[in-house]
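I have placed the structure first, in the form of structure tokens, so that the comments after it can refer back to it.
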Amino acid sequence: MKSAVILFPGLNRDRDMLTALEQITGHKPHAVWHGDADLPKVDLIVVPGGFSYGDYLRAGAIAARSPALAQVKKHADAGGLTLGICNGFQILTEAGLLPGALMRNRDLKFLCKTIHLKAENTSSAFTNQYADTPVVPCPIAHHDGNYTIDPDGLKELQDNDRIAFRYCDADGNTDVAANPNGSIDNIAGILNKRGNVLGMMPHPENLIEKAHGGIQGRMIFESLVKAVA
């Protein structure tokens, strides 16, 4: 699987993502600067996490207007696999590739801890390896991770199996107590209508080696490798 990672000033998970992709796919990803108008031909484009442009205007708002994002949109519109994590999720919503918006966390505090995720859709290109292990731990690190969408938009996500991940407890319960940031319906990640674009707040790229405390984060990348193969 060939991949590319978009780089913005202010990111802090780009190297983590580059390392994760290389370890799991066996191919060194392309690192693409946000000002580049040309992207290499790849199977997967990743918009990683961090704080592009310091989030001084609105999380992801400036990055969404970059030359590289115009090419990411073309890639996604053509059916290319596209993954946005944390700030990358925010950027994809700001660019119109995914519906809804990411608001300030419910308690107005930055969150950096390990939570549990439940894979609600285990048939997508991003989640096919979660069928036997739908509940996994995963780190989060965000201040604006409170996903919101209007009632009609939420119903569309629910009715069409577009909620990829929900926040849950270790037993898979998706109740208020397991929701770290106030996201509507405990949503932690969503798919576009076509199923080739995923945005999620948690950081699977930070749980790919035993030294990290677990390897459950590898599942999303292994799902992509299988889908491409």
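The values are calculated or read from the model by the stated rules, or taken from the named source; none is laboratory data. Quick caveat: nothing in here was measured; it's all calculated off a predicted structure. Methodologically, a virtual Cβ is constructed for each residue, glycine included, from the backbone with ideal geometry; neighbour enumeration extends over all protein chains shown. Side chains included, ligands, DNA and RNA excluded: accessible areas come from the protein's heavy atoms. Shrake-Rupley method; radii C 1.70, N 1.55, O 1.52, S 1.80 Å.
Distances longer than 21 Å among the Cα atoms of the stretch 1-74: what percent of all pairs is that?
On the way: 618 of 2701 pairs.
Of the Cα pairs, 23 percent sit more than 21 Å apart.
Once neighbouring chains are kept in place and the probe is 1.4 Å, which whole percent of the accessible area of the chain is contributed by carbon and sulfur? Before the final figure, lay out each step's value.
Numbers: 4870 of 9970 Å².
Result for the chain: 49 percent of the exposed heavy-atom area is carbon or sulfur.
Per residue, what accessible area does the chain have, given a 1.4 Å probe and all protein chains present, in Å²? Show your work: numbers first, answer last.
Working: 9970 Å² over 229 residues.
Computed with neighbouring chains in place, this is 44 Å² per residue.
Near K28, which lysines are there with a Cα under 16 Å away, not counting those fewer than 8 places off in the same chain?
Cα-Cα hits under 16 Å: K2, K41.
Determine how large the accessible area of D16 is when every protein chain is in place; take a 1.4 Å probe and give Å² rounded to the nearest 10.
Solvent-accessible area, nearest 10 Å²: 50 Å².
So if I restrict to the alpha-carbon atoms in the stretch 37-78, what is the Rg, and what is Dmax, the biggest pairwise distance, in Å?
When restricted to Cα atoms, the stretch 37-78 yields Rg and Dmax of 11.3, 32 Å.
List the residues whose amide H sits under 5 Å from the amide H of V46, counting only those 5 or more places along or on another chain, with H placed 1.01 Å from N in the peptide plane.
A4, V5, I6, L83
Under a point spin-label approximation (7 Å from Cα along Cα-to-Cβ), what is the N160-N12 distance to one decimal in nm?
Roughly 3.5 nm, to one decimal.
Could you name the aspartates and glutamates in cross-link range of K226, using Cα to Cα under 16 Å and dropping any fewer than eight places away on the same chain?
Of all the aspartates and glutamates, those that pass the test against K226 - Cα under 16 Å, at least 8 places apart if same chain - are E22, D43, D132.
Please calculate the 1.4 Å probe accessible area of R106, with all protein chains present, and give it to the nearest 10 Å².
Approximately 110 Å² for this residue.
With the crude spin-label approximation of a point 7 Å out along Cα→Cβ, what separation in nm comes out for C112 versus A131?
Each label point lies 7 Å from its Cα, and together they span 3.9 nm.
Could you tell me which residue out of G60, V42, F110 lies farthest along the dipole of the stretch 1-126 toward its positive end? Charges go on the beta carbon: Lys and Arg +1, Asp and Glu -1, centred on the Cα centre.
So the residue we want is F110.
So how compact is the stretch 126-229: Cα radius of gyration and Dmax in angstrom?
13.8, 43
Given a 10 angstrom Cα cut-off, can you work out which residue in H116, H75, H27 is the most mobile in a GNM of the chain?
H27
Could you give the length gained on full extension between V228 and E209, defined as 0.36 nm per residue of separation minus the Cα-Cα distance, in nm? Could you put the intermediate results ahead of the total?
On the way: separation 19, 0.36 × 19 = 6.84 nm, distance 2.28 nm.
Result for the pair: 4.6 nm of gain on full extension.
Kindly provide log₁₀ I(q)/I(0) values, in the same order as q = 0.15, 0.16 Å⁻¹, from the Debye equation applied to equal alpha-carbon scatterers of the stretch 65-111.
So the normalised log intensities are -0.44, -0.49.
Subtract the Cα-Cα distance of A37 and A70 from 0.36 nm times their separation in residues, and report this length gain in nm to one decimal.
On the way: separation 33, 0.36 × 33 = 11.88 nm, distance 0.78 nm.
Full extension from A37 to A70 adds 11.1 nm.
If I model a spin label as a point 7 Å beyond the Cα along the Cα-Cβ vector, how far apart are those points for D185 and K28 in nm?
Between D185 and K28, the simple spin-label model gives 4.3 nm.
Pick from A78, A125, A20: which is most flexible by mean-square fluctuation in a GNM of the chain where alpha carbon atoms under 10 Å apart are linked?
Per the Cα network of the chain with a 10 Å cutoff, A78 tops the list.
At most 15 other Cβ atoms within 10 Å and a DSSP loop assignment: could you name the trypsin sites (Lys or Arg not before Pro) in the stretch 109-140 that fit? Spell out each step's value before the answer.
Details: sites: K109, K113, K118; in loops: K109.
Here the trypsin sites (Lys or Arg not before Pro) that fit, given the DSSP loop and packing criteria, are K109.
Please report the Cα spread of the stretch 80-189 along all three principal axes, rounded to whole Å, starting with the longest.
Dimensions of the stretch 80-189 along the principal axes of its Cα atoms: 35, 31, 25 Å.
What number results when the radius of gyration of the chain, computed over Cα atoms, is divided by 2.2 N^0.38 Å? Let's see the in-between values first.
Details: Rg = 15.8 Å, N = 229, 2.2 N^0.38 = 17.3 Å.
Taking the Cα Rg and dividing by 2.2 N^0.38 Å, one obtains 0.91.
Could you tell me the distance between the Cα centroids of the stretch 87-149 and the stretch 156-229, to the nearest Å?
Using only Cα atoms, the two centres lie 6 Å from each other.
Would you kindly calculate the translational diffusion coefficient of the stretch 1-135, applying Stokes-Einstein with the Kirkwood radius from alpha carbon pairs, for 25 °C and a viscosity of 0.890 mPa s, and quote it in µm² s⁻¹ without decimals?
On the way: Rh = 15.7 Å.
Roughly 157 µm²/s, to the nearest whole number.
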